[in-house]
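Student: A single structure is presented below for examination.
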Amino acid sequence: MQPLHLYNTLARKKQLFEPLSPPYVGMYVCGPTVYNYVHLGNVRTFLTFDTLYRYLTFIGYKVRYVRNLTDVGHLVGDGDEGEDKIGRMAKLEKVEPMEIVQRFTNDFHTVMTQFNTLPPSIEPTATGHMVEQIEAVQALLTKGLAYESNGSVYFDIDTYNQRGGNYGKLSGRILEDLLNETRELDGQSEKRSPLDFAIWKRAAPEHIMRWNSPWGEGFPGWHLECTCMSTKYLGKQFDIHGGGMDLKFPHHECEIAQGDGLTGHDPVRYWMHSNMLTVNGQKMSKSLGNSFLPSELFAGSHYLLEQAYSPMTVRFFMLQSHYRSTLDFSNDALKAAQKGYRRLANGLRIIKMMTYQAGEGEPGVDSPSVDSPDETKQQDIRQAVQQFYDAMNDDLNTAVGIAQLFTLLKYINMLYLQQLQASALGEDVFNLLKESFVTFMQDVLGLKEEGTSNQPVLEGLLTLYREYKEQRQYDKVDQIRSYFKAQGLAIKDMKHQIDWAYEE
Ligand code: AMP
Ligand code: ZN
């Protein structure tokens, strides 16, 4: 089997993944700023790293997954000046900033659960790590890599570079270009160079979220929290750091400079960036007005949406593209994803009910023996399983992985429709098929069955359906059919049995 390779943004190529201290893996992902509802673009990034977390765990690593919450409202816009995002919301609504933080943290958790993402091992907050951040500012000042100016403290990029640092190496930005691009912003005059970034910012009188520090009342720079929280929980150097592509610069570039400045070496071994969810080719973002919320998606209540889509349909839609490609939102693609996901969900439901030596009358049942195994089919199944791992090991290629699931699904459906006897696969391959399909789909890709809480009622209704059919009471038969249909389910009248399925 191909060993796991991941694309490292810093190396600009796929590299063999070798954790610092196997079987342990440390992974840090930049979490949301909790001042607003997360939109579907944000979800894509968290879903990518959830899948990575799931896969690393699945192949045996013991992963410590740290995903922070930015609850210090850093500033609106990329510059160092402007209003505090959380403070602004708090003022607008006349509530405490921490009420804003709590509300959107709760919403974020609800959304993450809806999309079946696993909770991280640690979810630290910026406000909970103020001491660490102030200490880091002090340490950078002591090392001469930062300077105080008018109550703020800035990271000194020129000095950092003179001492061997390479600011710009992650994003590939060239210092000269950056200098030309940098607009004259308010407060720029406080800096020795326009590229220097704030690690501590003096709070203007109207700024609500403020803390005491040796440099007066202020708040930490956004980049600093991730440096402090990642190294606190994962060590001065750790395995994986992730986030959306838009965070590469300046956020992650600054994290490298800070970490390197504090410890003398790169903080992260593998930098991973997931690409943007776009709408008509434009990044989905709140400020562009082209974003929608998960709740709008589930209700179909946004002008861009032709219908409602379920969380697993969306998860499937996102996993069908590689995380490093942009993914453009479209109703057609989502409708196709709904069909694809439901086909897999039907496969999941039926394979879970099948056993190699089950009693009579159950789906997929077969008495092992008679037929000799069909080696071509056995080989095909083994190969699909192998190729699933190879795809995931090739920089998490979920798109190719899903294609393998459909190969496995073909055999599950053949067994279900009794077009194939389990004995033709043999017990080992039958079990491989079942176990692989269930674990790949549920544990690795995080695709679970949706909307099946009333299964016992459905089974009861199916019994009635069978009776009414025998008695030729077709109005009642139709009534039951309509009841299933209203729930997105279909009754399957097959030669050998009557069953229900998710409508595809
Ligand atoms: P923020 O709260 O703005 O820091 O965003 C949280 C995460 O969502 C970051 O990792 C961003 O890179 C990511 N993100 C923001 N917009 C998009 C988008 N349109 N597609 C994918 N990820 C995004
Ligand atoms: Zn971050």
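The values are calculated or read from the model by the stated rules, or taken from the named source; none is laboratory data. All of these numbers come straight from a predicted model, not from anything done at the bench. Ideal geometry is used to build each Cβ from the backbone, glycine not excepted, and the neighbour counts take in all protein chains shown. These accessible areas exclude ligands, DNA and RNA; they are computed on the full protein's heavy atoms, side chains included. Shrake-Rupley method; radii C 1.70, N 1.55, O 1.52, S 1.80 Å.
Student: Considering only residues that are within 27 Å of the chain's Cα centre (by Cα) and aliphatic (A, V, I, L, M), look in region 121-138 and name the one that is least open to solvent (accessible area, probe 1.4 Å).
Tutor: For region 121-138, the residue satisfying everything is 126.
Student: Then there's this: Checking residue 298 against (1) of a type in the set (Phe, Trp, Tyr); (2) open to solvent by less than 30 Å² (accessible area, probe 1.4 Å); (3) more than 16 Å from ligand 2 (Cβ to nearest atom): exactly one of these is not met. Which one?
Tutor: For residue 298, the failing item is (2).
Student: Could you check region 229-254 and list, in sequence order, the residues that are in a helix (DSSP H, G or I), open to solvent by 10 Å² or more (accessible area, probe 1.4 Å) and either at pLDDT 95 or above or within 12 Å of ligand 1 (Cβ to nearest atom) (or both)?
Tutor: Hits for region 229-254 are 231, 232, 233, 234, 245, 246, 247, 248, 249.
Student: Would you confirm, using the coordinates I've provided, whether residue 504 is in contact with a Lys or Arg (Cβ under 6 Å, 6 or more places away or on another chain) and open to solvent by 80 Å² or more (accessible area, probe 1.4 Å)?
Tutor: Yes; evaluated as a whole, the condition is true for this residue.
Student: When you scan region 486-496, do you find a residue that is open to solvent by less than 40 Å² (accessible area, probe 1.4 Å), within 30 Å of residue 50 (Cβ to Cβ), among the small types (Gly, Ala, Ser) and not assigned by TED's automatic domain parsing to the domain that holds residue 58, even just one?
Tutor: The answer is yes; a qualifying residue exists.
Student: Here's a follow-up. Among the numbered criteria (1) open to solvent by 20 Å² or more (accessible area, probe 1.4 Å); (2) modelled with pLDDT under 95; (3) among the hydrophobic types (A, V, I, L, M, F, W, C); (4) under 24 Å from residue 228 (Cβ atoms), which single criterion is violated by residue 141?
Tutor: If we test residue 141 against (1) open to solvent by 20 Å² or more (accessible area, probe 1.4 Å); (2) modelled with pLDDT under 95; (3) among the hydrophobic types (A, V, I, L, M, F, W, C); (4) under 24 Å from residue 228 (Cβ atoms), just (2) comes out false.
Student: Can I ask one more? Under 6 Å between Cβ atoms, at least 6 apart or on separate chains: pull out the pairs that start in region 365-393 with a residue that is under 17 Å from residue 414 (Cβ atoms) and end on any residue that is part of a loop (DSSP other than H, G, I, E, B) and modelled with pLDDT under 90.
Tutor: 365/358
Student: What pairs come out if I take residues in region 94-120 that are open to solvent by 40 Å² or more (accessible area, probe 1.4 Å) and pair them with residues that are modelled with pLDDT of 95 or more whose C-beta lies under 7 Å away, six or more apart or interchain?
Tutor: Correct list of pairs: 114/294; 114/311; 118/50; 118/53; 118/54.
Student: Okay, moving on. Taking region 460-477, which residues are part of a helix (DSSP H, G or I) and either in contact (Cβ under 8 Å) with a residue 12 or more places away in the chain or surrounded by 12 or more Cβ atoms within 10 Å (Cβ to Cβ) (or both)?
Tutor: Listed by number, the residues that qualify are 461, 462, 464, 465, 466, 467, 468, 469, 476, 477.
Student: Being aliphatic (A, V, I, L, M) and either modelled with pLDDT of 95 or more or in a helix (DSSP H, G or I) (or both) is the filter; apply it to region 261-283 and report the residue that is farthest from residue 25 (Cα to Cα).
Tutor: Restricting to residues being aliphatic (A, V, I, L, M) and either modelled with pLDDT of 95 or more or in a helix (DSSP H, G or I) (or both), the top hit is 277.
Student: Still on this structure: Kindly indicate whether residue 28 is away from ligand 1 (no atom under 11 Å from the Cβ), of a type in the set (Phe, Trp, Tyr), under 21 Å from residue 276 (Cβ atoms) and open to solvent by 10 Å² or more (accessible area, probe 1.4 Å).
Tutor: no
Student: Six or more apart or on different chains, Cβ atoms under 7 Å: show the pairs whose first residue is in region 11-34 and closer than 20 Å to residue 322 by Cα and at pLDDT below 95 and whose second is more than 16 Å from ligand 2 (Cβ to nearest atom) and open to solvent by 10 Å² or more (accessible area, probe 1.4 Å).
Tutor: Filtered contacts from region 11-34: no entries.
Student: Here is a check on your reading of the model: is residue 327 touching a helix residue (DSSP H, G or I) at 6+ places or on another chain (Cβ under 7 Å), of a type outside the set (Gly, Ala, Ser) and at pLDDT below 95?
Tutor: no
Student: Just give me the residues in region 308-344 being of a type in the set (A, V, I, L, M), free of Cβ contacts under 8 Å to residues at least 40 places away in the same chain and either buried (at least 19 other Cβ atoms within 10 Å of the Cβ) or part of a helix (DSSP H, G or I) (or both), in sequence order.
Tutor: Answer for region 308-344, where residues must be of a type in the set (A, V, I, L, M), free of Cβ contacts under 8 Å to residues at least 40 places away in the same chain and either buried (at least 19 other Cβ atoms within 10 Å of the Cβ) or part of a helix (DSSP H, G or I) (or both): 333, 334, 336, 337.
Student: Checking the condition in a helix (DSSP H, G or I), modelled with pLDDT under 95 and among the β-branched types (Val, Ile, Thr), which residue from 457, 400 passes?
Tutor: Being in a helix (DSSP H, G or I), modelled with pLDDT under 95 and among the β-branched types (Val, Ile, Thr) holds for just one of 457, 400, which is 457.
Student: A follow-up question, please. Quick check on my filter: what residues within region 197-228 are open to solvent by less than 60 Å² (accessible area, probe 1.4 Å), more than 16 Å from ligand 2 (Cβ to nearest atom) and part of a loop (DSSP other than H, G, I, E, B)?
Tutor: 203, 204, 207, 209, 213, 215, 216
Student: Kindly list the number of the only condition in (1) polar (S, T, N, Q); (2) more than 13 Å from ligand 1 (Cβ to nearest atom); (3) at pLDDT 95 or above that fails for residue 301.
Tutor: All conditions are met except number (3).
Student: Given the conditions (1) in a loop (DSSP other than H, G, I, E, B); (2) touching a helix residue (DSSP H, G or I) at 6+ places or on another chain (Cβ under 7 Å), and given that residue 136 satisfies all but one, which numbered condition is not satisfied?
Tutor: It is condition (1) that residue 136 fails.
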